4 protein chains.
Amino acid sequence: MSDLQEIINRINDFRDARDWRQYHNPKDLAISISIEAAELLEDFQWINSENALKKNKENIQEEIADVLIYSLMLCSDLDLDVKDIVNEKLKKNAQKYPVK
Amino acid sequence: MSDLQEIINRINDFRDARDWRQYHNPKDLAISISIEAAELLEDFQWINSENALKKNKENIQEEIADVLIYSLMLCSDLDLDVKDIVNEKLKKNAQKYPVK
Amino acid sequence: MSDLQEIINRINDFRDARDWRQYHNPKDLAISISIEAAELLEDFQWINSENALKKNKENIQEEIADVLIYSLMLCSDLDLDVKDIVNEKLKKNAQKYPVK
Amino acid sequence: MSDLQEIINRINDFRDARDWRQYHNPKDLAISISIEAAELLEDFQWINSENALKKNKENIQEEIADVLIYSLMLCSDLDLDVKDIVNEKLKKNAQKYPVK
């Protein structure tokens, strides 16, 4: 099994063991991604990247994990393959920003 | 090679071909994750999940991809292994929310 | 009439003339504030404050206005007096961060 | 003096008494608005507006205050008149969404 699918399965097992899917409609998952993204951003508030990494490395790691967890939940629930949607977006970006 | 590493390599090749890493300090990557998270959220503004998926499925997919792309860039730049940080966070969450 | 109440009345007249209050439940207004906050943030993506103001002054002004418009709608709908809630929060902040 | 100017003066006195303006460049103020907007949004996570107001009314009020405080700081620092920028945006919106 791919490691990506393994991670997604682990995330799904976690929420199913707690019967949490009842809350996880796509709109609230999108809300959650924004909430966690802002918690990550808070680790950089008022300071530059270098100082943020010195001061908050551990929390930065946790908040990126939270963003990824909710994003992967949403992909799983909408039947989106992470590799496919990333490749499609990179292809679209390549047309918008061709290599000179 | 794992599919996750393949995706990360593709993202890094994309930005290196355009010499974009000069802009990609961690603070601005965190900002970018928040920006894309809000663009995803906009697909659900004023409407419920069901109608959002009917109306904006294609854009939702693109915005999730954008959130993932910037998140994976940040993991790559901070030398964070996606599987490790997700597992650590799930373990921490399991202590906070034990299965009854 | 206070200028603050004048601004709020103008915002309310705008949405009532278009019968938009039907969409403006508090949760979607909170979502909208986040969306506009991110659009403001986008004016500063990759660049420092000085360059952002040179490049995007007009749009920055519009996005701050959007954040304020949705925030004042929410205050109006929840019967919150702007002066009161700001004073209360400053008082709370003063206890957390006393002047040395 | 207008009540709006009174509120802005109080906010400025607060940060000047603590010598905080050194941190308040426009980019970090924009970041702060996003952070507080997400903390407001968190009061509505997983639940509908009605239950959010029952459960979190006090915190909702504080987070709206935080969004307003940072927004008014930014207006003050960029010499933007709140009434003017709101009126301009409503005028622009009126062209985009004319009353039928």
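Can you return the lysines within cross-link range of A:Lys57? Criterion is Cα-Cα under 24 Å, with same-chain partners fewer than 8 residues away left out. Correct list for A:Lys57: B:Lys27, B:Lys83, B:Lys89, B:Lys91, B:Lys92, B:Lys96, D:Lys27. Comparing mean-square fluctuations of D:Ser32, D:Ser49, D:Ser71 from a GNM of chain D with C-alpha springs under 10 Å, the top value falls on D:Ser49. The phi torsions of segment D:44-54, fed into the Karplus equation with coefficients 6.51, -1.76 and 1.60 and a -60° offset, translate into couplings of 10, 5, 6, 10, 7, 4, 4, 6, 5, 5, 5 Hz, rounded to whole numbers, with Gly and Pro shown as x.
In a simple Cβ point-charge model (Lys, Arg +1; Asp, Glu -1; nothing else charged), chain A has a dipole of about 580 debye relative to its Cα centre. Note on the protein assembly as shown: with charges restricted to the Cβ of Lys and Arg (+1) and Asp and Glu (-1), its dipole about the Cα centre is near 0 debye. Across segment C:3-96, the mean sequence separation of Cα contacts (distance under 8 Å, 6 or more residues apart), normalised by length, yields a relative contact order of 34 percent. The ranking of C:Ile64, D:Ile60, B:Ile31, B:Ile7 from fewest to most other beta carbons within 10 Å of each one's beta carbon is B:Ile7, D:Ile60, B:Ile31, C:Ile64. Between copies, the label points at D:Asn51 (set 7 angstrom from Cα along Cα-to-Cβ) are spaced 2.1, 4.2, 4.6 nm, reported in nanometres from shortest to longest. Build a GNM of chain B with springs between Cα atoms under 10 Å apart, and of B:Lys27, B:Lys89, B:Lys57 the one that fluctuates most is B:Lys89. For a quick check, take a GNM of chain B with Cα springs below 10 Å and name the residue from B:Asn59, B:Asn12, B:Asn87 with the largest mean-square fluctuation. Most flexible of the set in this elastic network: B:Asn87. A label point on D:Asp19, set 7 Å along the Cα-to-Cβ line, lies at 4.2, 5.7, 5.9 nm from each of its counterparts in the other copies, closest listed first.
Each listed q (0.06, 0.12, 0.13 Å⁻¹) maps to a log10 I(q)/I(0) for the protein assembly as shown from the Debye sum over equal C-alpha point scatterers, namely -0.24, -0.99, -1.16. Distance between the C-alpha centres of segment C:1-22 and segment B:7-79: 35 Å, rounded to the whole angstrom. Here r is the Cβ-Cβ distance between C:Met1 and C:Asn87 and R0 is 22 Å; the resulting FRET efficiency, rounded to 0.05, is 0.65.
Evaluating 6.51 cos²θ - 1.76 cosθ + 1.60 at θ = phi - 60° for every residue in segment C:19-26, the Karplus couplings come out as 6, 9, 4, 4, 8, 8, 6, x Hz, glycine and proline recorded as x. With a/c under 1.5 counting as rounded, go ahead and sort segment D:3-96 into rounded, prolate or oblate using the C-alpha gyration tensor (a ≥ b ≥ c being the square roots of the eigenvalues; past the cut-off, prolate if a/b is larger than b/c, else oblate). Note, shape of segment D:3-96 comes out oblate. Each Lys and Arg Cβ is given +1 and each Asp and Glu Cβ -1; about its Cα centre, segment A:1-47 then shows a dipole of about 220 debye.
Put in order of Cβ neighbour count within 10 Å, fewest first, the listed residues C:Asp81, B:Asp13, A:Asp43 become B:Asp13, C:Asp81, A:Asp43.
Throughout, read-outs are computed from the coordinates displayed, never taken from laboratory work. Predicted, not measured: the structure shown is a model, and the values here were computed from it. Cβ coordinates were reconstructed from backbone atoms using ideal geometry, including for glycine residues, and neighbour counts include every protein chain displayed.
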